[in-house]
Amino acid sequence: MSVDVDIDIDIDHALAVLARGGVVAIPTETVYGLAADAMNQAAIRRVFAIKQRPADHPLIVHLATADWLEDWAAAVPPAALRLADAFWPGPLTLVLPRHRQVLPAITGGQDSVALRVPDHPLTLALIRRLGRGVVAPSANRFTRLSPTHATHVREELGAAVDFILDGGPCRRGIESTILDLRSGAPRMLRPGALAVEDIEAVLRQPVAAANETLRAPGQHALHYSPQATVFIVAPGDMGSLALKLTREGRRVGVLAPPDLPEEDALRQAKIALVCVPAAPEQYAASLYQLLRSLDQQGCDVILASLPSGPGLCTALRDRLLRAAGQGSLDAPDRT
Ligand code: TXA
Ligand code: MG
């Protein structure tokens with residue numbers, strides 16, 4: 001693995017690289033993205049190649065402001081403007097009819113386009129100065145964990161990217177919520193860092209969960225996965241299963257919920273234990289980092305339980321189920 005890549009806060013350099021058709025890892029409030037000029041077909045192709053992502057998995061176009069929406073979407077419904085007003089810059093991606101200037105390489109040839117304004121000062125300044133949208137999938141290889149620190153990008157992609165713009169750790173830690181606004185009935189395609197309840201409060205109408213036929217294209221069950229095999233278990237079964245697997249010679253890691261009763265016994269059995277924060281916001285902010293740390297400790301099995309509750313817990317359950325390769329009830333994904 002090569003680590004020969006510049007990693008810096010030098011926005012002028014990032015801009016020069018993007019403008020000449022290069023690929024730059026950019027910080028956002030959700031996860032790091034792998035950015036390229038959305039008007040440059042060759043640069044977009046390189047993003048797919050670096051990620052090893054199939055060409056029919058569409059990319060999100062990141063804009064500097066909602067004022068740019070009409071250049072990228074063929075129609076902008078009032079609901080889109082209301083949501084943009086309420087949540088942009090922020091972790092909400094809107095799927096709208098594609099404007100004819102949007103390159104088919106971005107959308108996998110579909111007639112829709114996914115758009116968002118990310119909430120990170122360096123990246124906003126970068127896009128504004130470039131003067132047009134940038135495509136940015138999460139800066140990980142296909143199916144792997146999304147990076148939430150600049151160093152994660154360097155570890156995974158190294159010199160495959162031209163530059164890493166270091167904006168510090170990502171505050172939200174999981175990807176944006178994706179909402180399809182192409183019909184009068186808004187539909188969730190991916191739960192994410194913005195809670196569906198917050199969207200419903202602004203729209204004053206319910207948001208339908210994606211079903212199997214209407215899910216975002218290019219999405220499959222196994223995604224956001226660490227190297228280790230993840231098992232979802234009830235909190236009450238975690239301790240005994242961890243000890244059993246350890247006796248069988250497995251190197252076990254546990255994403256321990258608050259107040260796991262057997263914590264001491266597990267530590268004594270040398271099981272890798274990371275405690276998950278009780279607050280969903282903090283859990284989301286650290287989830288991928290925690291899974292990475294268990295990988296780095298050499299775990300071949302990770303046990304996790306599903307947090308119950310509304311809001312961000314929906315997205316946490318979704319990501320944990322995908323990490324376990326069990327897909328999700330409401331929005332499959334693999335990007
Ligand atoms: O938080 C995020 O959304 C991050 C940061 C970097 O902005 N980006 C991200 O991109 O997660 P990516 O490519 O890893 O995931 C984008 C998802 C994919 O599942 C893709 O299928 C979906 O967005 N998507 C993109 N364009 C779409 C479209 N036109 N219709 C439906 N889904 C679309
Ligand atoms: Mg992704």
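At R0 = 56 Å, how high is the FRET efficiency between Asp111 and Arg250 if r is their beta carbon distance? Nearest 0.05 is fine. Computed FRET efficiency for Asp111 and Arg250 comes out at 0.75. Here the calculated FRET efficiency for Arg182 and Glu155, from their Cβ-Cβ distance with R0 = 41 Å, stands at 0.60, rounded to the nearest 0.05. Within the shell of other residues whose beta carbon sits under 10 angstrom from the beta carbon of Arg172, the net charge comes to -3, with Lys and Arg scored +1 and Asp and Glu -1. The GluC sites (Glu not before Pro) of the range 239-271 that DSSP puts in a loop, and whose beta carbon has at most 10 other beta carbons within 10 Å, are Glu248. Seen through its C-alpha gyration tensor, with square-root eigenvalues sorted a ≥ b ≥ c, the range 1-126 comes out oblate because a/c lies at 1.5 or above while a/b is not bigger than b/c. The angle between the Cα long axis of helix 78-87 and the main principal axis of the chain comes to about 50°, on a 0 to 90 degree scale.
For Arg267 and Ala55, a Förster radius of 45 Å and the Cβ-Cβ distance give a FRET efficiency of 0.45, rounded to the nearest 0.05.
Rounding to the nearest 20 debye, state how big the charge dipole of the range 87-196 is about its Cα centre with +1 on each Lys and Arg Cβ and -1 on each Asp and Glu Cβ. Walk me through the numbers on the way to the answer.
Numbers: 14 positive and 8 negative charges, 59 e Å.
I would put it at about 280 debye.
Note on Ala75 and Asp10: the model spin-label points, each 7 Å out from Cα along the C-beta direction, lie 4.7 nm apart. Its DSSP H runs of at least 4 residues, each contributing -39,500 (n - 2.57), put the calculated 222 nm mean residue ellipticity of the chain at -9500 deg cm²/dmol, to the nearest 500. Overall form of the range 112-153: oblate. Here a/c, set by the Cα gyration tensor axes a ≥ b ≥ c, is 1.5 or more, and a/b is not larger than b/c.
Compared with the alpha-carbon gap, the fully stretched path from Ala125 to Ala278 is longer by 51.7 nm at 0.36 nm per residue.
GNM on the chain, alpha-carbon springs under 10 angstrom: the most fluctuating residue among Leu83, Leu320, Leu179 is Leu83. Between Gly109, Gly167, Gly236, the GNM of the chain built on Cα springs shorter than 10 angstrom shows Gly236 fluctuating the most.
Quick note: the coordinates plus some simple rules give every number you see, no bench work behind them. Not measured: the values here are computed from a predicted model. Backbone-built Cβ (ideal geometry, glycine too); neighbour counts: all protein chains shown.
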